Amino acid sequence: MSEAFNFSKHLQSIVGPNLKENGFKRKGTRFFREREGNKEEIYIQRNRFNLPGFTPFTFYINLFSHNHSLRLVYPSILEIPSYYQEYIMSSIEDRGERFKQFTQAQQHEIERYNESLEWSYSTEDELRNTLEVAREILISKGLSYFDGVSRFQIIADENERWKSIWNFGLKLNRRL
């Protein structure tokens, strides 16, 4: 694993303070907090194929909470090709054969689009700029993701509680 362009130092100085303000603690490239009994984690995962001298370097932003996870992508300026969007929306079983039907030009466009979603950098300035974008996305979208998962979990817990009460009532009625 390469420590290209002081990745950890810039991650801590650019992203760290905002996440700390929101109750996160840092260990390596992981930020975590416990809120209302729920563990929430942001894992900035460097690509294991980042090798010195081979750029661009890439990383991923993964969010975990409860049994849910999400990978945040770089905000691309490219529009998703319509045929690719249809492909993504199709069932996984159908995808293998459908991908083979794309022309080479379409496959190239898909690859270009997917690459535009990667968090990548080739210089220290690009790393700092990319981490600044990451910080903004984490604050604007990542934290609201955790709020949504937390609300979903509260509703699921409440549904389970009512289901238990309902089942208890059914058992009690059967005995009467």
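The values are calculated or read from the model by the stated rules, or taken from the named source; none is laboratory data. Keep in mind that what you see is a predicted model, and the values were worked out from it rather than measured. Glycine gets a Cβ as well: all are built from the backbone with ideal geometry, and neighbour counts include every protein chain shown. The area values use the complete protein model at the heavy-atom level, side chains included, leaving out ligands, DNA and RNA. Shrake-Rupley method; radii C 1.70, N 1.55, O 1.52, S 1.80 Å.
Within region 21-32, can you find the residues that are open to solvent by less than 80 Å² (accessible area, probe 1.4 Å) and either closer than 15 Å to residue 122 by Cα or out of contact with any strand residue (DSSP E or B) (no Cβ under 6 Å at 6 or more places or on another chain) (or both)?
Initial filter on region 21-32 (open to solvent by less than 80 Å² (accessible area, probe 1.4 Å)): 22-24, 28-29, 31.
The answer is 22, 28.
If you take the residues of region 87-124 that are more than 30 Å from residue 10 (Cβ to Cβ), modelled with pLDDT of 90 or more and open to solvent by less than 40 Å² (accessible area, probe 1.4 Å), which of them is nearest to the chain's Cα centre (by Cα)? Break it down stepwise before answering.
Our first condition is that a residue be more than 30 Å from residue 10 (Cβ to Cβ); within region 87-124, this holds for 87-110.
Keeping just the survivors that are modelled with pLDDT of 90 or more gives 102-110.
Narrowing the set further to residues that are open to solvent by less than 40 Å² (accessible area, probe 1.4 Å) leaves 102, 110.
Values: 102: 28, 110: 20 Å.
Checked region 87-124; the qualifying residue nearest to the chain's Cα centre (by Cα) is 110.
Here is a list: 62, 38. Which entry is under 30 Å from residue 12 (Cα atoms) and at pLDDT 90 or above?
Going through 62, 38 in turn, the sole match is 62.
What is the one condition in (1) surrounded by 14 or more Cβ atoms within 10 Å (Cβ to Cβ); (2) touching a Phe, Trp or Tyr at 6+ places or on another chain (Cβ under 9 Å); (3) on the phi < 0 side of the Ramachandran plot that residue 14 does not satisfy?
(2)
Scan region 33-86 for residues that are in a strand (DSSP E or B), open to solvent by less than 50 Å² (accessible area, probe 1.4 Å) and not basic (Lys, Arg) and report the count.
13
Looking at region 72-83, is at least one residue more than 19 Å from residue 112 (Cβ to Cβ) and either touching a residue at least 24 places away in the same chain (Cβ under 8 Å) or touching a strand residue (DSSP E or B) at 6+ places or on another chain (Cβ under 8 Å) (or both)? Walk me through how you get there before you give the answer.
Taking region 72-83 and keeping what is more than 19 Å from residue 112 (Cβ to Cβ), we get 72.
Applying the additional criterion that residues be either touching a residue at least 24 places away in the same chain (Cβ under 8 Å) or touching a strand residue (DSSP E or B) at 6+ places or on another chain (Cβ under 8 Å) (or both) yields 72.
The answer is yes; a qualifying residue exists.
Return the residue satisfying two criteria in turn: it lies in region 90-127 and is of a type in the set (Phe, Trp, Tyr) and assigned to a helix (DSSP H, G or I), and of such residues it is farthest from residue 45 (Cα to Cα).
Initial filter on region 90-127 (of a type in the set (Phe, Trp, Tyr)): 99, 102, 113, 119, 121.
Filter once more, keeping what is assigned to a helix (DSSP H, G or I): 99, 113.
Numbers: 99: 28, 113: 21 Å.
My answer is 99.
Of all residues being of a type in the set (D, E, K, R) and exposed (fewer than 15 other Cβ atoms within 10 Å of the Cβ) in region 125-148, which is farthest from the chain's Cα centre (by Cα)? Just the residue, please.
Just the residues of region 125-148 that are of a type in the set (D, E, K, R), to begin with: 125-126, 128, 132, 135-136, 141, 147.
Filter once more, so that each one left must be exposed (fewer than 15 other Cβ atoms within 10 Å of the Cβ): 125, 132, 136, 141, 147.
Details: 125: 24, 132: 16, 136: 14, 141: 10, 147: 14 Å.
Here the answer is 125.
Filter region 95-147 for residues that are in contact (Cβ under 8 Å) with a residue 40 or more places away in the chain and of a type in the set (Lys, Arg); which is nearest to residue 57 (Cα to Cα)?
The qualifying residue nearest to residue 57 (Cα to Cα) is 128.
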